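Working notes, beginning with the structure itself.
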Amino acid sequence: MGRRKKRNTRMKTIKRKAIIAVAAFFVVFVGITALGNNTVKGWDGLIYPGVTVSGTDISGMNKEQAIEILTKNHENAISNKKINVTVEGKTYTLDYSKLNPAYDIEASVDEAYAYGKDLSLFGKFNAIKFSKDKAFHFNN
């Protein structure tokens, strides 16, 4: 009978440790999920870290702010550019402003804003916390 009692005691100890391990895993999992969810919610409506459009960092901005800063930084830059065209040895200079150039800033911001938004909760968390630079360019 002594052996059986030792074995039962050992089995109860093993079961107790298994239950504690499962409970600890569950608590850690719930904690990590809650942390990830709170982090991701903090970035709702904002462009994820490390995102640039044509060299301008728009991380942490909402769409309106990004459109405003990109318009301010790039609207006149394209108008001030010139094109040199050489035909039969003669060079002609054309002003971009006469061509009515335009970038589709809103479409570029929409594309930058969408970056990472289609990922799972953990994918979004990784995109936010361990961001890698993501460069977008203006759509024409």
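Reachable lysines from Lys15, Cα under 26 Å, same-chain residues fewer than 8 places away excluded?
Cross-link targets: Lys5, Lys6.
Quick one: 3J(HN,Hα) in Hz for the range 6-16, Karplus 6.51/-1.76/1.60 with θ = phi - 60°, rounded, Gly and Pro as x.
Running phi through 6.51 cos²θ - 1.76 cosθ + 1.60 with θ = phi - 60° gives 5, 5, 5, 5, 5, 5, 5, 5, 5, 4, 4 Hz.
Mind listing the phi-derived Karplus ³J(HN,Hα) values for the range 22-29, rounded to whole Hz, using 6.51, -1.76 and 1.60 with θ = phi - 60°, and x for any glycine or proline?
Once θ is set to phi - 60°, the couplings for the range 22-29 become 5, 4, 5, 4, 4, 4, 5, 4 Hz.
Give the Kirkwood hydrodynamic radius (Å, one decimal) of the chain, defined as one over the mean of 1/r across all pairs of different Cα atoms. Let's see the in-between values first.
Working: mean 1/r = 0.0507 Å⁻¹.
Hydrodynamic radius (Kirkwood, Cα pairs) of the chain is 19.7 Å.
With each pseudo-label sitting 7 Å past Cα toward Cβ, what's the Thr56-Ile20 distance in nm, one decimal?
So the label points at Thr56 and Ile20 sit 5.9 nm apart.
Put +1 on the Cβ of each Lys and Arg and -1 on the Cβ of each Asp and Glu in the range 1-90; which of Ile47, Ala21, Thr71 then has its Cα farthest toward the positive end of the dipole?
The listed residue farthest towards the positive side: Ala21.
Estimate the FRET efficiency between Glu106 and Leu35 by the formula 1/(1 + (r/R0)^6), using the beta-carbon distance for r and 30 Å for R0, to the nearest 0.05.
Taking R0 as 30 Å, the efficiency between Glu106 and Leu35 is 0.35.
Between Lys134 and residues 5 or more places away or on another chain, which pairs have amide H atoms under 5 Å apart, with H built 1.01 Å from N, and which residues are they?
When sequence neighbours closer than 5 places are left aside, the close amide H contacts are Val51, Thr52.
Where a Cα-Cα gap under 27 Å defines reach, which lysines qualify for Lys98, not counting those fewer than 8 residues away within the same chain?
Hits, sequence-local ones excluded: Lys72, Lys81, Lys82, Lys90.
If you roll a 1.4 Å probe over the heavy atoms of the protein chains, what accessible area per residue do you get for the chain, in Å²? Walk me through the numbers on the way to the answer.
Working: 10440 Å² over 140 residues.
Value for the chain: 75 Å² per residue.
If Rh is defined by the Kirkwood formula over all Cα pairs and Rg also comes from Cα, what ratio Rg/Rh do you get for the range 1-63?
Numbers: Rg = 24.7 Å, Rh = 16.0 Å.
A ratio of 1.54.
Ignoring ligands, DNA and RNA, what percent of the 1.4 Å accessible area of the range 18-123 is carbon and sulfur? Let's see the in-between values first.
Values: 4090 of 6980 Å².
Within the range 18-123, the accessible surface is 59 percent carbon and sulfur.
With r defined as the distance between the Cβ atoms of Val85 and Tyr115 and R0 fixed at 41 Å, what FRET efficiency is calculated, to the nearest 0.05?
0.65
The values are calculated or read from the model by the stated rules, or taken from the named source; none is laboratory data. Computed from a prediction, not measured in an experiment: that's the story for all the values here. Positions of Cβ are generated from backbone atoms using ideal geometry, with glycine treated the same way; all protein chains shown enter the neighbour counts. Please note that ligands, DNA and RNA were not included when accessible areas were found on the heavy atoms of the full protein model with its side chains. Shrake-Rupley method; radii C 1.70, N 1.55, O 1.52, S 1.80 Å.
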